[in-house]
1. Name the residues in the range 48-66 that are crowded, with 21+ Cβ neighbours inside 10 Å and either out of contact with any strand residue (DSSP E or B) (no Cβ under 7 Å at 6 or more places or on another chain) or not in a strand (DSSP E or B) (or both), would you?
2. Hey, can you tell me all the residues within the range 78-94 that are closer than 13 Å to residue 63 by Cα and buried (at least 21 other Cβ atoms within 10 Å of the Cβ)?
3. For the range 83-108, what are the residues that are closer than 19 Å to residue 55 by Cβ and touching a residue at least 24 places away in the same chain (Cβ under 8 Å)?
4. From the set of residues in the range 84-99 that are in contact with a strand residue (DSSP E or B) (Cβ under 7 Å, 6 or more places away or on another chain) and outside any strand (DSSP E or B), which is farthest from residue 43 (Cα to Cα)?
């Protein structure tokens, strides 16, 4: 039975997540120190000190994140202090983001607080979530490089 349990656990880790699977939820009373990596969806309502990478991330209104976030789809309603990198990034009216945002599509609702630079990345740079998560480690560890020009924050209406 132990052998069978290990086999099914390994198969589960290798299989692609179902789009209909329930998201992993970090509740408001949970505080995590460390990185979170998930192949599916994560909803964070608590406090995380560390980097988060997933297919889809939702940061709730009461959430506080101190670290980099990378995913295909990101919706921020709470506080984030760190780099945000995703194909589609949405800052809700209750969002408080301090850090750079790298995106393919960016939406900022009126009332959102954003302090940092935003930079559009094309499809070849963003690719799928695997490349976003891989790039995150090199980009997040180097806050700025002297050879790259500074780009002002911009929002398109």
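Bear in mind these aren't lab numbers, they're just calculated from the coordinates by the rules spelled out. This is a predicted model, so every value here is computed, not measured. Reconstructed Cβ throughout: ideal geometry from the backbone, glycine too, with neighbour counts over all protein chains shown.
1. Scanning the range 48-66 gives 51, 54, 55.
2. Residues satisfying the conditions are 78, 80.
3. 83, 85, 86, 87, 102, 106
4. Among those residues, the one meeting the criterion is 99.
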